[in-house]
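Peer 1: Quick one: the structure is below, and I'll ask about it shortly.
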Amino acid sequence: MRLVCNIAVKLVKSRRAHGSAAARARAGEMCKELKTKVLHLLPPTSDHQEGQTDGAEILSCTVKALKEGHVVGVPTDTIYGLACLAQNSEAVGKTYDIKGRNGHKPLAICVGEICDIYKYCKVKVKEALLGDLLPGPVTLVFERSEVLNTDLNPFTSLVGVRIPDHVFMRRLCQMCAEPLALTSANISSHTSTVAVHEFQELWPKLAVVVDGGPIGDHSRLGSTVVDLSVLGKYRIIRPGCALSSTIDVLEHKYGLLEDSGKNDLV
């Protein structure tokens, strides 16, 4: 909590070197008209500096937007994402509309703690395995529980779950006290984004955009997605950015076997 409360936030200034001045001006006018809040998440500091706002403000603002049924842009440990409350069917629909995403492509959920996974998923692996992979750049796919919104991915009995290795995102989930539906912050089929200006065309459709700065891993691969819904087996759905380390844990530490069977999330 102390780490989170040391995160500072301020409105993005025009001096921030993201894109051209003209593009920033146009985006700023659109956001102003539609009341989009673009907030700058500063790195954790040991001392509160003059002119900075307490980090709780950015969390409070984002939680409020989510609770009101809006979609927000957020940083993760891999790429930037769009998030909404997974239990809010209208908000889930908005997310698909904003991305132009095929309605038969699933959204993952994001939670703050490993214990939360058991509420929304039917877990068939050891808890220690979850602890070895999460938080981190991995999405684990399990059979969904009856508690999860039936309007979220109604075409499949499975759901992917993430705990990003990102202090802000974990705290955001904890404060919402329910899962977030999470997908990449881009137009569907376009390149993943690692800086907020790269999805600037989506800003006017979002209630809040949290600028966490450039994301360190520029591979743009996103998380490694692995299906663990079959006891004793694993299936890689998307290689992502952590493939080798994930397979090493699954095979060498826990003895899981690769399953080449069809997965209904593909």
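The values are calculated or read from the model by the stated rules, or taken from the named source; none is laboratory data. Just so we're clear, the structure is a prediction, and the values are computed from it rather than from any experiment. Don't worry about glycine lacking a Cβ; one is built from the backbone with ideal geometry, like all the others, and counts go over all protein chains shown.
Peer 1: Go through Leu250, Leu231 for me and flag whichever is in contact with a Phe, Trp or Tyr (Cβ under 7 Å, 6 or more places away or on another chain) and either modelled with pLDDT of 95 or more or in a helix (DSSP H, G or I) (or both).
Peer 2: None of the other options fit; the residue is Leu250.
Peer 1: Every residue in the stretch 81-90 that is outside any loop (DSSP other than H, G, I, E, B) and either of a type in the set (Lys, Arg) or buried (at least 20 other Cβ atoms within 10 Å of the Cβ) (or both), please.
Peer 2: Gly81, Leu82, Ala83, Cys84, Leu85
Peer 1: Could we say that Ile237 is out of contact with any helix residue (DSSP H, G or I) (no Cβ under 6 Å at 6 or more places or on another chain), in a loop (DSSP other than H, G, I, E, B) and β-branched (Val, Ile, Thr) here?
Peer 2: Judged against the criteria, Ile237 is not a match.
Peer 1: Quick one: is Val159 in contact with a Cys (Cβ under 8 Å, 6 or more places away or on another chain) and not in a loop (DSSP other than H, G, I, E, B)?
Peer 2: It is true that Val159 is in contact with a Cys (Cβ under 8 Å, 6 or more places away or on another chain) and not in a loop (DSSP other than H, G, I, E, B).
Peer 1: Just to verify a result, which residue in the stretch 136-156, among those that are in a strand (DSSP E or B) and of a type in the set (A, V, I, L, M), is farthest from Val230 (Cα to Cα)?
Peer 2: Looking at residues that are in a strand (DSSP E or B) and of a type in the set (A, V, I, L, M), I get Val138.
Peer 1: A follow-up question, please. Pick out the one residue from Lys124, Lys119 that is surrounded by fewer than 19 Cβ atoms within 10 Å (Cβ to Cβ), of a type outside the set (Asp, Glu) and either assigned to a loop (DSSP other than H, G, I, E, B) or modelled with pLDDT under 95 (or both).
Peer 2: When all the criteria are applied, what remains is Lys124.
Peer 1: Is the stretch 95-111 home to any residue that is modelled with pLDDT under 95, within 14 Å of Asp151 (Cβ to Cβ) and exposed (fewer than 15 other Cβ atoms within 10 Å of the Cβ)?
Peer 2: yes
Peer 1: Those residues that are among the β-branched types (Val, Ile, Thr) and without any contact (Cβ under 8 Å) to a residue 12 or more places away in the chain, I need them from the stretch 134-179; list them, please.
Peer 2: Thr150
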